[in-house]
Amino acid sequence: MEQLRALASRIRTARTVTVMTGAGVSAASGVPTFRGPEGLWRSFRPEDLATPEAFERDPALVWEWYGWRRAKVASCRPNAAHDVLARWSRDDLKQVRIVTQNVDDLHLRAGTRELIRLHGSLWEVKCFNGCAVGARAWRDDRVPLPHPVPRCPHCGGPARPAVVWFGESLDESDVDRASDAASCELFLTVGTSAVVYPAAGFVRLARSRGAFTAEINLEPTPASSQVSLSILGAAEEVLPAIDQLLASV
Ligand code: APR
């Protein structure tokens, strides 16, 4: 309880807050985490399917996996953690930015205002061949998609999920915005194993720029030893508890 009070007090006084989220924030909504026991589809690990090489080899298989994930997420709802963060992001008295590695868009569905999606979205599609027009992602939230491998409407080539795959670079403007968001008074990381870069480096960056840093996770992570305050607990319980403390003063 002491830790929750300490974090609530930091949030109350900070004018700029950045929250970086990972799969743990969506776990209570029923979205499987990547490195948890449900992260496997059939016998494939995400690292086996979420690559340009896997798509080149077997686009139908990769789309089948994404079709399964899209159907799963479509049946999920934002949970209390998304709701609290969305409310904070709409606070007119401070700047609260959410940087997420999640591709499920549950932060958006909860009504988050300032959202930086580092890894793209399950609900957006782009041309695999990178044709001039199709390189810009477009939204397609049909479940199921009508074709096993959707086509780029501009060049007719295969379309792919507009998410960042292993071995690919993140969108430069998203990295710039996230790096900018690391300049804040309070940097909070929630529900991420904190192993995938560059997201994993933002805690250190924020700290080096003078932010107070904190973490909420079910278990210790590589970030735990770097932050000033590490709270072990579920995002969907800890965030509403902090929100209540904020409301009670
Ligand atoms: N509350 C808080 N934390 C939780 C909860 C919960 N209810 N449930 C799980 N966690 C924590 C786990 O302890 C773990 O540290 O969430 C973390 C989930 O870690 P990962 O599955 O590795 O997900 P994430 O950190 O988002 O992965 C980063 O890696 O595979 C890539 O692109 C993918 O965006 C993903 C990135």
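The values are calculated or read from the model by the stated rules, or taken from the named source; none is laboratory data. Note that the structure is a prediction, hence the values are computed from the model and not measured. Please note: Cβ atoms are built from the backbone with ideal geometry, for glycine as well, and neighbour counts cover all protein chains shown. Just so you know, the surface numbers come from the protein's heavy atoms only, side chains and all, with ligands and any DNA or RNA stripped out. Shrake-Rupley method; radii C 1.70, N 1.55, O 1.52, S 1.80 Å.
A compact table of results
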read-out: Residue match in the range 123-132 (condition: more than 30 Å from R12 (Cβ to Cβ) and small (G, A, S)); value: yes
read-out: Qualifying residues in the range 1-34 (those that are of a type in the set (S, T, Y) and surrounded by 13 or more Cβ atoms within 10 Å (Cβ to Cβ)) - the one farthest from V227 (Cα to Cα); value: S29
read-out: Every residue from the range 35-52 that is among the aromatic types (F, W, Y) and in contact (Cβ under 8 Å) with a residue 24 or more places away in the chain; value: W41
read-out: Number of the exception - A200 against (1) out of contact with any Gly (no Cβ under 8 Å at 6 or more places or on another chain); (2) open to solvent by 30 Å² or more (accessible area, probe 1.4 Å); (3) within 16 Å of the ligand (Cβ to nearest atom); value: (2)
read-out: Single residue of R97, R90 found to be at pLDDT 95 or above and surrounded by fewer than 17 Cβ atoms within 10 Å (Cβ to Cβ); value: R90
read-out: Checklist (1) surrounded by 15 or more Cβ atoms within 10 Å (Cβ to Cβ); (2) touching a helix residue (DSSP H, G or I) at 6+ places or on another chain (Cβ under 6 Å); (3) over 28 Å from V19 (Cβ atoms) applied to P148, failing item; value: (1)
read-out: So P37, is it open to solvent by less than 50 Å² (accessible area, probe 1.4 Å) and within 16 Å of the ligand (Cβ to nearest atom); value: no
read-out: Restricting the range 203-249 to residues that are among the acidic types (D, E) and more than 13 Å from I11 (Cβ to Cβ), the residue that is surrounded by the most Cβ atoms within 10 Å (Cβ to Cβ); value: E215
read-out: Residue in the range 81-121 that is nearest to R177 (Cα to Cα), counting only those that are in contact with a Lys or Arg (Cβ under 9 Å, 6 or more places away or on another chain) and basic (K, R); value: R97
read-out: Close pairs (9 angstrom Cβ cut-off, 6 or more residues apart or separate chains): within 13 Å of D104 (Cα to Cα) in the range 7-30, more than 14 Å from the ligand (Cβ to nearest atom) and outside any helix (DSSP H, G or I) anywhere; value: S29/R77; G30/S75; G30/R77
read-out: Every pair of residues 6+ apart whose Cβ atoms lie under 6 Å, when the first sits in the range 63-89 and is polar (S, T, N, Q) while the second is modelled with pLDDT of 95 or more; value: N79/A28; N79/S29; N79/E236; S89/V96; S89/I98; S89/T112; S89/R113
read-out: Residues (surrounded by 17 or more Cβ atoms within 10 Å (Cβ to Cβ) and farther than 23 Å from W68 by Cβ) located in the range 114-142; value: L115, I116, G134
read-out: Subset of the range 210-249 [part of a loop (DSSP other than H, G, I, E, B) and either within 8 Å of the ligand (Cβ to nearest atom) or under 17 Å from V96 (Cβ atoms) (or both)]; value: A211, L218, E219, T221, G233, A234
